[in-house]
1. Where the second residue is among the basic types (Lys, Arg) and surrounded by fewer than 22 Cβ atoms within 10 Å (Cβ to Cβ) and the first is closer than 11 Å to ALA103 by Cβ and modelled with pLDDT of 95 or more and lies in segment 25-42, which pairs have Cβ atoms under 8 Å and are six or more apart or on separate chains?
2. Of the numbered conditions (1) surrounded by 13 or more Cβ atoms within 10 Å (Cβ to Cβ); (2) closer than 26 Å to GLU3 by Cα; (3) aliphatic (A, V, I, L, M), ALA71 satisfies every one except a single condition; which is it?
3. Of the conditions (1) part of a loop (DSSP other than H, G, I, E, B); (2) of a type outside the set (S, T, N, Q); (3) at pLDDT 95 or above, TYR132 fails just one. Which one is it?
4. List, please: which pairs have Cβ atoms under 6 Å, are six or more places apart or on different chains, and start with a residue in segment 1-22 that is closer than 23 Å to MET135 by Cβ and part of a loop (DSSP other than H, G, I, E, B) and end with one that is modelled with pLDDT of 95 or more and of a type in the set (Asp, Glu)?
5. Inspect segment 108-124 for any residue being touching a Gly at 6+ places or on another chain (Cβ under 7 Å) and either modelled with pLDDT of 95 or more or more than 28 Å from THR2 (Cα to Cα) (or both) and give the result as yes or no.
Amino acid sequence: MTERIGSLEEFWPFYLSEHRDPTSRKLHFVGTTGFLASIVGAAVTNPIGFPLAAAGFAAVLKKGLDAEKDAPPFAHVAALLGLGTLASPVFFPVGVACAYGFAWAGHFGFEKNRPASWTYPLYSLTSDFKMYAHMLRGRLWSGEPLEELGLADPTVARESTPPPADPVSVLN
């Protein structure tokens, strides 16, 4: 059994290494935009229940991120899906289907790899939003993402002893 990645900061370069194809990243961007649009629809159609579900979602996500280092937090993922669906039985599931449909099309069609969300579901979710934020700022649309952000390639780092993490580069 391989050792799990122990933190979101350690996971981020791995996540980018799994998203080297610009078309795949663009598909992720489209899917995440669709998900965010569904969240807006959910908030508009359920202005009382949605904020309550969002607060519960944030609390469960935080607990799940803490648990991710030990094992895939599938109970947390189920709780997140349940909370979102309770708050918006139409918009939320459509948004999730949009996000994962486009993302997985990128993985299977362009990256030719298995989505990291199958092993690290909440680190992947959080990293997708981080990648989305970079793309909103005009970064990561083409080229090598690790190089663009000045991060070490974890596939190369596995072959040798990894250097200590530079806290500044992790934030980029």
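The values are calculated or read from the model by the stated rules, or taken from the named source; none is laboratory data. Quick caveat: nothing in here was measured; it's all calculated off a predicted structure. Ideal geometry is used to build each Cβ from the backbone, glycine not excepted, and the neighbour counts take in all protein chains shown.
1. none
2. (1)
3. TYR132 satisfies every listed condition except (1).
4. From residues that are closer than 23 Å to MET135 by Cβ and part of a loop (DSSP other than H, G, I, E, B), the pairs are ASP21/GLU111.
5. From segment 108-124, those touching a Gly at 6+ places or on another chain (Cβ under 7 Å) are 122; that's our starting set.
With either modelled with pLDDT of 95 or more or more than 28 Å from THR2 (Cα to Cα) (or both) added as a condition, the list becomes 122.
Within segment 108-124, one or more residues are touching a Gly at 6+ places or on another chain (Cβ under 7 Å) and either modelled with pLDDT of 95 or more or more than 28 Å from THR2 (Cα to Cα) (or both).
Results for (1) of a type outside the set (Asp, Glu); (2) part of a helix (DSSP H, G or I); (3) closer than 18 Å to PHE29 by Cα, shown as yes or no for each residue.
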position	(1), (2), (3)
ASP66	no, yes, no
ALA75	yes, yes, no
ALA78	yes, yes, no
THR85	yes, yes, no
PHE92	yes, yes, yes
ALA97	yes, yes, yes
HIS107	yes, yes, yes
PHE110	yes, yes, yes
